[in-house]
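To keep things clear, I will list the structure first and then write my remarks on it.
The values are calculated or read from the model by the stated rules, or taken from the named source; none is laboratory data. On a predicted model such as this, the values are computed, not experimentally measured, just so you know. Cβ coordinates were reconstructed from backbone atoms using ideal geometry, including for glycine residues, and neighbour counts include every protein chain displayed.
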Amino acid sequence: MTLHSLLKLMISIFIFWGLWMQANISYAQVMPDDFFYRFEAGAAPVLNVQVQNIYTDRTVEVETESVKVLNPGDKPEKLDKNSSVIVSPKKFVMKPKEKRVVRLLLKSKVIHTEEVYRVIFRPTSSTGGSANQKVEDGKKSINLTVLLGSGILVFAPPFGTKQEISWSKVGSDYIIRNTGNVNLVLTACDVKDATCEKSKIGGRIYAGKNFKAPAGKGAIKIQRDTFNGDKDFFTIDQPTGTRKFTE
């Protein structure tokens with residue numbers, strides 16, 4: 001389940017419960033402009049992330065947390081609170097609909113393989129909204145405040161970035177491995193398809209990880225989504241091979 005789907009489910013549950021209990025529900029949710037960020041290799045180790053309190057009636061106090069993902073792509077995730085990403089400010093207050101910039105600083109160089117971090121924005125308290133209890137049809141309503149946080153995934157590539165895959169045919173499948181040192185977003189589909197947008201084969205493949213794709217009649221199409229939003233396509237039709245990419 002995606003983060004967006006999970007948030008929609010949580011909101012639906014709270015609304016249903018609130019209607020059943022005759023609750024006055026107010027919301028506060030802190031959302032970033034995007035869910036994926038990347039430090040640029042060789043550039044200043046600083047990122048600016050814009051976040052917003054997207055609801056209208058609550059002022060919220062927000063705490064942040066930065067953790068390192070020790071096993072990107074694996075489940076369950078192993079997280080290390082000794083993160084190399086510093087968040088500034090660590091705590092802040094946001095008025096309704098307010099936007100603000102939070103700065104991320106990478107305090108240590110990445111040497112060999114891309115490092116992955118999660119930064120979490122967690123509302124801890126709120127003020128404002130409806131504060132008066134009401135009596136409707138002889139039943140007392142209650143005030144319910146829903147505080148929803150969010151998180152982003154942050155990639156820190158090494159200075160010598162290498163984007164590369166290799167593949168081998170095993171039986172009726174291709175095994176496609178990320179032999180580079182940064183993650184790649186790869187999707188496999190039938191060679192007759194114009195794009196691989198509807199395919200569920202592949203995804204974000206981290207350095208050293210692989211995925212399996214049915215070989216069909218001996219060839220498959222691969223779609224690569226770059227970090228800046230571009231797409232490129234190529235065909236795999238040889239039993240083994242290697243391909244390198246540039247951004």
Matching residues, the stretch 84-104, being of a type in the set (Val, Ile, Thr) and either under 22 Å from the mean Cα position of the chain (by Cα) or not in a strand (DSSP E or B) (or both): Val85, Ile86, Val87, Val101, Val102
Out of Phe233, Phe211, sole residue that is surrounded by fewer than 16 Cβ atoms within 10 Å (Cβ to Cβ) and touching a residue at least 24 places away in the same chain (Cβ under 8 Å): Phe233
Whichever residue in the stretch 214-224 is at negative phi and surrounded by fewer than 17 Cβ atoms within 10 Å (Cβ to Cβ) and, among such residues, is nearest to the chain's Cα centre (by Cα): Pro214
Top-ranked residue of the stretch 105-129 - restricted to ones that are of a type in the set (S, T, N, Q) and not in a strand (DSSP E or B), ranked as modelled with the lowest pLDDT: Ser108
